[in-house]
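Written out below as structure tokens is the structure these notes cover.
The values are calculated or read from the model by the stated rules, or taken from the named source; none is laboratory data. Note that the structure is predicted; figures quoted are calculated from it, not measured. Counting neighbours? That spans all protein chains shown, and the Cβs are built from the backbone with ideal geometry, glycine included. Just so you know, the surface numbers come from the protein's heavy atoms only, side chains and all, with ligands and any DNA or RNA stripped out. Shrake-Rupley method; radii C 1.70, N 1.55, O 1.52, S 1.80 Å.
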Amino acid sequence: MNCLAPRRRRGGAWVASLRRRYPQVDPGAAGLMHQALLPCPPEATVNEALRLITRRHLRLLAARSRNLAGVILPADLRRARALSLGARRAWDVARWGIPVVTPRAAEVTVRRHLFEGAAAVLVREGRRVVGAVEPSIPTVGRPALSLLPRLERQLPAETRGLLRRIGGIGESMGCKVYAVGGFVRDLLLGRQAAELDIVVEGDGLAVARRLASELGGTLVVHATFGTATLEGGGALRIDVATARQEHYRLPGALPEVTPASVAEDLRRRDFSINAMAMVLSATGFGDLLDPVRGASDLARRRIRILHPLSFVEDPTRMFRAIRYQTRLGFALDRGSLGALRFAIDVAPYPALSGQRLTAELELIVAEEPTGPRSLITLGRLGAFTILDPSYRFSPRAARKVIDLGRLRHRLSDHGIALDPLPLGLLALVGHLSQEAAERCLRRLAVSGEPLSRLTGALREGPVLAQRLTKARAAPPSVRAAYLRGRSLESLGGAWLAGGESARRQVEWFLAHGRTVQTLLGGDDLLALGVTRGPSIRQLLDRLRDCRLDGVAVTREQELALVHQWIGPGNRAEAQCG
Ligand code: CTP
């Protein structure tokens, strides 16, 4: 008889009879747990918690905040101490949202929690935590999910061919090759990735060079990190890296890297949804590797970091987290949000380079249609204190950031493309004092000419906006005179600082006013008898203003004006302006 045949209609009786015949030995949570834990006092520091763990031979500490249970792991405490955070509260490096069960909970329940990525399961008797189960008990491995059907459905044959070819090239060199990060994430989301991140178990640079020689294109090698970028070898940009582990010595500093397995490489990444890989080698082509349950987080639409100090080690991940959150309509899970707030509290990050910060801001401002929303979320969270401790995000700054999106739309309607980064920076720091704004810009490694254009824009923008508002009834040539010769940053600054009327005038100037040309040229004026020299420029400028004001529209009208200006009685006056 097939015992598994569906005989549920007889319900409980059937299950009970099976249990009598095959008595289940379910150790329950009580049988799986260890008791090497103690509650961590809320005020204990990282150093004190570590001492407690060592003295009492504990495996973890438990924490409870309102209705949220957490565990504090020795590895996280050691990581915090190594990052010079020994005097911070141990609770700040807790992993929150830990499932709590009773000692009688079934083994399968406990295993399911661990399988879903819980760092531990706490066992509670009444109000007391009596034990914990950690993922060291072997969890049932799920067979690798194959992404082949998705590849067939979503990717053009050319890209599929490229993926197989890359896998084959790696294999011929004795290396296993994987697609990782955004490519796999976007494949699972049904989106098209613009670039392909490849990880090689072996010599990534050798594989990159071989790819370049077989696929063509330009290869740029970054030897320090064992990474290389191949562009022009196919429709996608290909980033190749050796699988690696990272070790951070200082908060925000670049990590030291050592070669590692792909599983270790995935565990050093920013978020679970970016920590999946797909096999490209022929054996297992298309298989998904998902050691930190990224696919389940994709399904739950959540952004989850892989350890509580992820944002402190690499603060650019704060910007990345919010960028993904807004782009994908996901949310940070509670633990990750707490970790992000903690990382903001740890700022400033002297070892974090301004260039890296700027690069992240640029991705938000220039690449993401939802960029302004990300900036507002970051501002409200207080993330920009990383630029300067005095930075406060105000409703005024939020309005400017929203306006930034409008400005870009309005300008692109006129076919004008302004560099989005300087405008974004103006919107972010425009409400601060000149000194604080300049400190923020310097922190972002803005220097030299770009810095003086931006600080100039911060000074001039509001003044220009005011003048334009006052002069709204003046002839166009007068208004254009205010704006001519100013940097694009100053014009953007005037737009951001101004009301509707000033904004309309800046848009008009950018789209039309600044390009208006006279129909007559210098040679025409020379032919009319004007002496070579500065008076040519002055006459042309006067003509241009007449065009702007609609006084001279045709060549004949311009000629008539010049004749009038340089006529016998007026020649001397015209020629000296
Ligand atoms: N990564 C990381 N920490 C960072 C930057 C990147 O762990 N500070 C890892 C992530 O796994 C990420 C991968 O490197 O997926 C590649 O980074 P990137 O190219 O910046 O992002 P994509 O994943 O390609 O995502 P997108 O370009 O869509 O933003």
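Below is a table of values for the structure above.
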| quantity | calculated |
| --- | --- |
| Ala481 vs. criteria surrounded by fewer than 20 Cβ atoms within 10 Å (Cβ to Cβ) and touching a His at 6+ places or on another chain (Cβ under 7 Å) | no |
| Failed item, numbered, when Tyr391 is tested on (1) free of Cβ contacts under 8 Å to residues at least 24 places away in the same chain; (2) among the hydroxyl-bearing types (Ser, Thr, Tyr); (3) not in a helix (DSSP H, G or I) | (1) |
| Tally, over the stretch 192-230, of residues that are of a type in the set (Gly, Ala, Ser) and within 11 Å of the ligand (Cβ to nearest atom) | 2 |
| Matching option when the condition is crowded, with 18+ Cβ neighbours inside 10 Å, among the small types (Gly, Ala, Ser) and at pLDDT 95 or above, among Ala87, Ala94, Ala75, Ala82 | Ala94 |
| Residue within the stretch 319-326 that is under 30 Å from Lys176 (Cβ atoms) and not hydroxyl-bearing (Ser, Thr, Tyr) present | yes |
| Any hit, the stretch 382-390, residues being within 16 Å of the ligand (Cβ to nearest atom), modelled with pLDDT of 95 or more and either not assigned by TED's automatic domain parsing to the domain that holds Leu428 or not β-branched (Val, Ile, Thr) (or both) | yes |
| Of all residues in the stretch 261-278 being open to solvent by less than 20 Å² (accessible area, probe 1.4 Å) and away from the ligand (no atom under 11 Å from the Cβ), the one that is farthest from Phe330 (Cα to Cα) | Val262 |
| Among (1) assigned by TED's automatic domain parsing to the domain that holds Gly294; (2) open to solvent by less than 70 Å² (accessible area, probe 1.4 Å); (3) among the basic types (Lys, Arg), the one test that Arg111 misses | (1) |
| Selection from the stretch 279-300 of residues that are open to solvent by 10 Å² or more (accessible area, probe 1.4 Å) and away from the ligand (no atom under 16 Å from the Cβ) | Val279, Ala282, Thr283, Gly284, Phe285, Asp287, Ser296, Ala299, Arg300 |
| Helices (runs of 4 or more DSSP H) contained in the stretch 316-379 and holding at least 2 residues closer than 22 Å to Leu451 by Cα, out of contact with any Leu (no Cβ under 9 Å at 6 or more places or on another chain) and open to solvent by 10 Å² or more (accessible area, probe 1.4 Å) | 354-362 |
| Count - residues of the stretch 248-260 that are away from the ligand (no atom under 14 Å from the Cβ) and outside any loop (DSSP other than H, G, I, E, B) | 3 |
| Matching entry among Arg104, Arg150 (being over 31 Å from the mean Cα position of the chain (by Cα) and either away from the ligand (no atom under 16 Å from the Cβ) or part of a strand (DSSP E or B) (or both)) | Arg104 |
| Odd one out for Leu407 among (1) under 27 Å from the mean Cα position of the chain (by Cα); (2) under 30 Å from Leu340 (Cα atoms); (3) part of a helix (DSSP H, G or I) | (2) |
| Flag if Gly424 is buried (at least 20 other Cβ atoms within 10 Å of the Cβ), touching a residue at least 40 places away in the same chain (Cβ under 8 Å) and closer than 30 Å to Ala351 by Cα | yes |
| Of residues in the stretch 319-338 being more than 21 Å from Val93 (Cβ to Cβ) and touching a strand residue (DSSP E or B) at 6+ places or on another chain (Cβ under 7 Å), the one farthest from the ligand (Cβ to nearest atom) | Ala331 |
| The stretch 492-550, subset among the β-branched types (Val, Ile, Thr), part of a helix (DSSP H, G or I) and open to solvent by less than 70 Å² (accessible area, probe 1.4 Å), residue modelled with the lowest pLDDT | Ile536 |
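This table checks each residue for (1) over 25 Å from Ala260 (Cα atoms); (2) within 16 Å of the ligand (Cβ to nearest atom).
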{"site": "Gly131", "(1), (2)": "yes, no"}
{"site": "Glu134", "(1), (2)": "no, no"}
{"site": "Glu158", "(1), (2)": "yes, no"}
{"site": "Gly170", "(1), (2)": "no, no"}
{"site": "Gly174", "(1), (2)": "no, no"}
{"site": "Gly181", "(1), (2)": "no, yes"}
{"site": "Arg185", "(1), (2)": "no, yes"}
